[in-house]
1. For an R0 of 45 angstrom, estimate the FRET efficiency from the Cβ-Cβ distance between B:Leu253 and B:Thr101 and round to the nearest 0.05.
2. Could you sort the peptides B:175-188, B:18-31 by per-residue average Cβ neighbour count (10 Å cutoff), highest mean leading?
3. Which value, in debye to the nearest 20, gives the size of the charge dipole of the protein assembly as shown about its Cα centre, when Lys and Arg are +1 and Asp and Glu are -1 at the Cβ?
4. Under 1.5 on a/c is rounded, so check that first for the protein assembly as shown, then, if it is not, pick prolate when a/b is larger than b/c and oblate when it is not; a ≥ b ≥ c are the square roots of the alpha carbon gyration tensor eigenvalues.
5. Which residues' amide hydrogens lie under 5 Å from the amide hydrogen of B:Cys207, considering only partners 5 or more residues apart or on another chain, with H built in the peptide plane?
6. Which whole-Hz couplings ³J(HN,Hα) result when phi for each residue of the range A:102-112 is put into the Karplus expression 6.51 cos²θ - 1.76 cosθ + 1.60, θ = phi - 60°, listed in order with x for Gly and Pro?
7. Can you list residues whose amide H is under 5 Å from B:Thr158's amide H, if they're 5+ apart or on another chain and H is modeled 1.01 Å from N?
8. Using label points projected 7 Å from each Cα along Cα→Cβ, tell me how many nm separate A:His23 and A:Lys101, to one decimal.
Amino acid sequence: MTTNGVGGGGKLPRKRFYRARAHSNPLSDSHFPVPISPKEVDLSQHYPRYFPADKGSDGEEAAAPQQIRFADVGCGFGGLLVGLSPLFPDTLMIGMELRDKVTEYVKERILALRAANPGQYDNISVVRTNSMKYIPNYFRKAQLTKMFFLFPDPHFKEKNHRRRVISMQLLDEYAYVMEVGGIIYTITDVEELGEWMRSCLEKHPLFETVPEEEIKADPVFKLLSTATEESQKVARNGGQTFHAIFRRISLKEE
Amino acid sequence: MEDTAVEEPEVSGAAEFAPALVAAHPQGNSVAVAIGPELRAFDLSAGLPVSLSDDCGGRSHSDAIRAICFSVSGALFASAGDDKLVKVWKTDSWRCIQTITSEKRVSAVAISNDDLYVTFADKFGVVWLVTLREDSAEQVSVDNKPVSILGHYCSIITSMKFSPDGRFIATADRDFKIRVTLFPKNPLKGAHEIQSFCLGHTDFVSCITFTSISETQSFLVSGGGDSTVRLWDYVNGCLLDTFQVRDKMGELLGPNEADDSSLAIADICPSIDGSLVAVAIQSFSGVMLLACDLVGKKLSFLKVITMEKSYIPTSLASSLSSELLWTVMGASNMPNQASSHLLTRLRIIPCFQKDRLSSSDAGPATLEDGEVPHGEKLLLALQGSLDVTKQEEVLASVLAALKVSMHKMLVKKHYSEERREQRKRGRNDKKIKN
């Protein structure tokens with residue numbers, strides 16, 4: 001109990017002190033606090049360098065305050081966030097994870113990274129939440145420019161398909177929080193799930209596929225299959241991955 | 001009896017209590033009351049009780065009706081509930097023209113403004129749509145299955161309404177959310193474009209309704225388990241004003257009476273001109289009237305119409321043509337209740353209009369039974385009985401039970417830390433291997 005895996009001076013937390021379940025039930029009632037609306041999301045807690053607490057609320061922030069632009073849904077141990085942070089140093093991004101132990105780990109990991117690399121990793125943070133239920137509580141309409149769904153739970157049984165994080169219904173909500181032109185990234189090592197995610201996105205009128213050459217040129221794409229813990233596991237085992245990358249478009253009325 | 005039910009959250013069947021509902025024809029031609037599986041209608045223009053003809057081949061309601069509504073034109077009426085049936089009726093003949101079977105229990109129903117589609121929401125938070133066909137007696141066709149058009153992720157949808165201009169469909173759920181979705185020209189492909197979320201309630205949203213000042217400008221009003229009524233600019237998802245019913249009740253009744261848990265908003269109903277909102281509160285014997293200033297975008301307290309102690313309305317309705325506010329109270333599925341005892345009580349508030357209410361303070365607050373349009377004939381048809389004394393005994397106890405059911409269904413369970421640990425240990429997916 002005394003060692004919790006977090007050294008003081010910016011030492012990275014060790015995963016073995018954060019043993020967690022592999023899954024968490026997305027359908028059950030949540031007992032963690034959820035902001036009532038995006039207005040109540042306290043960014044100063046997540047990004048203290050961007051939102052210094054002592055700034056006073058006299059409305060002297062002349063420049064429009066920064067908003068979170070990237071969301072990594074089901075961020076797991078946070079590998080993608082850590083990879084993205086130096087690539088987009090001025091973009092605020094957040095990881096969303098339902099398992100509290102895992103969220104704790106990511107929190108400590110980010111704090112340790114910030115301590116070890118002053119001036120870096122100030123733009124990433126993590127929140128424990130059920131993004132299948134509460135996405136609109138965190139983000140305003142058209143706020144996000146990128147959303148990531150990397151190696152989500154496959155939920156093979158048909159009975160459990162409604163637990164999948166990509167579905168026609170949930171895509172409505174993702175489309176709502178994404179700006180037109182924003183990009184949704186999905187990747188999995190489960191072929192069946194890959195097909196499912198692709199077909200949902202293809203059927204959805206608010207998304208269109210991103211051409212393959214554009215994907216190849218996207219620096220983010222490489223991270224999908226290298227940055228996260230899950231992708232490294234897949235790579236170690238020589239597994240195949242299936243991605244579906246789509247762009248948010250505006251609806252054309254016929 | 002009530003106490004044991006509150007302490008023991010696992011009481012089975014508590015969710016089966018269903019409140020009585022009332023709906024009024026927009027042109028004032030008729031009024032309908034639903035109680036348990038029973039649908040009662042009264043033709044106000046002819047002054048006669050309506051006999052429903054349900055011979056189009058589908059089943060009749062066999063379990064509690066949870067939602068009823070007239071279409072905007074008044075030509076159609078829909079009823080749906082726990083028996084997983086959605087029935088659409090023509091209001092001129094009160095013939096059932098379509099019976100749709102849902103996979104899950106139905107919690108809300110609405111008819112599109114053009115009378116072309118009926119939408120219903122099931123217990124999983126999915127909204128389904130069916131095309132209405134006038135002459136489909138023969139061709140109950142295969143291609144007319146319900147299609148899902150949108151969904152709230154595993155959250156019970158408590159209320160569903162079309163905006164007055166027909167452009168939007170609004171859905172409210174137990175997860176504090178109101179979603180406003182564009183209703184497309186071809187809704188069979190789904191309603192995927194969300195216009196806004198109206199977020200602000202801090203507990204379940206129990207009812208929503210649109211109210212308008214002009215053809216072009218309308219607003220959304222909502223009531224919830226947090227004992228507030230809220231006014232929304234639903235196009236932009238902006239909260240314009242919040243009225244704290246609990247605070248007002250505390251002022252009126254004294255803080256002891258205004259017990260926290262029992263002041264959830266049960267129903268709301270706007271007046272024709274949009275200047276008033278009537279509010280039914282879960283354990284308040286009467287109706288609270290709020291002035292709704294749609295220009296200044298404010299909700300303010302106007303007055304309270306108190307009724308006899310044992311009368312707590314469960315549902316409210318008004319029509320475009322008359323100034324009557326219909327209120328009904330009742331509940332079904334008491335454990336030992338025979339269906340012949342499905343009693344309801346109807347009370348009518350005349351002059352449901354702001355100027356008339358404030359000017360004639362001395363006028364009658366509610367109509368006596370003798371003053372009700374068509375008198376006893378109407379009451380007999382809609383209440384099921386005229387014996388008020390016996391009825392109110394039944395109803396008072398029914399409502400106590402109803403309180404439990406509303407909270408069981410819509411409020412998230414809060415367990416103490418120990419209880420949660422205990423429940424975790426009892427999970428059957430983590431059996432101890434010996």
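1. Values: r = 45 Å, r/R0 = 1.00.
Efficiency computed from Cβ-Cβ geometry: 0.50.
2. Details: B:175-188: 20.2, B:18-31: 23.2.
Most protected by this proxy first, the peptides run B:18-31, B:175-188.
3. On the way: 79 positive and 87 negative charges, 585 e Å.
Roughly 2820 debye for the protein assembly as shown.
4. Working: a/c = 1.91, a/b = 1.74, b/c = 1.10.
It is prolate, given that a/c is not under 1.5 and a/b is the larger ratio.
5. Close amide H contacts, sequence-distant or interchain: B:Gly223.
6. The phi angles translate into 5, 4, 4, 4, 4, 4, 5, 4, 5, 4, 5 Hz.
7. B:Ala172, B:Asp173, B:Arg174
8. Calculated label separation equals 1.6 nm.
Readers should treat all values here as calculations from the given coordinates under stated rules, not as data from a laboratory. Remember, it's a predicted structure, so these values are computed and weren't measured experimentally. Neighbour counts are summed over all protein chains in view; Cβ atoms, including those assigned to glycine, are modelled from backbone coordinates with ideal geometry.
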